[in-house]
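Report on the structure given below.
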Amino acid sequence: MIGVGTKTITITNDAYNALSKQKRVDESFSEVINRLTKKTGNLADCYGAWDMDASEADALKKSLDTHWHKATESLKEQTRE
């Protein structure tokens, strides 16, 4: 690419490892960063991005259930008033 400058950044080993896991064989780290930070506004682009384990999934489901129940009860109370 003509006219493209470069910058040197410092990142932690954890950040480097996380970035390395996202890196495809044919990508540079700059391309990985650009790909991961591109804002498309399309929710489907996020599908599969969060690799959660079973305990995280259970915790998320419990939290959603709790908050859904609270919201439902709040709406019921408001309609009674």
- Message: Just to verify a number: FRET efficiency for K70 and N42, C-beta to C-beta distance, R0 = 25 Å, to 0.05?
- Response: 0.25
- Query: Which is farthest toward the positive dipole end of the chain among A44, S30, I11, measuring Cα position about the Cα centre, with Cβ charges +1 (Lys, Arg) and -1 (Asp, Glu)?
  - Reply: S30
- Per DSSP H run of n ≥ 4, the term is -39500 (n - 2.57); total these for the chain, divide by its residue number, and report the mean residue ellipticity at 222 nm rounded to 500 deg cm²/dmol. -18500 deg cm²/dmol
- Query: V25 versus R80, label points 7 Å from Cα toward the beta carbon: distance in nm?
  - Reply: 6.3 nm
- Under the Karplus relation 6.51 cos²θ - 1.76 cosθ + 1.60, θ = phi - 60°, what is the ordered set of whole-Hz ³J(HN,Hα) values for region 59-69, x standing for Gly and Pro? 4, 5, 4, 4, 5, 4, 4, 4, 5, 5, 5
- Message: Using the crude model of +1 on Lys and Arg Cβ and -1 on Asp and Glu Cβ, and no other charge, please compute the dipole size for region 1-76 relative to its Cα centre, in debye to 20.
- Response: 280 debye
- Does the chain come out rounded, prolate or oblate by the C-alpha gyration tensor, with a ≥ b ≥ c the root eigenvalues, rounded set by a/c under 1.5 and, if not, prolate when a/b is larger than b/c and oblate if not? prolate
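FYI, it's all coordinate maths here, none of it is from the lab. These numbers come from a predicted model, not from an experiment. Every residue, glycine as well, gets a Cβ built from its backbone with ideal geometry; the counts of neighbours run over all protein chains shown.
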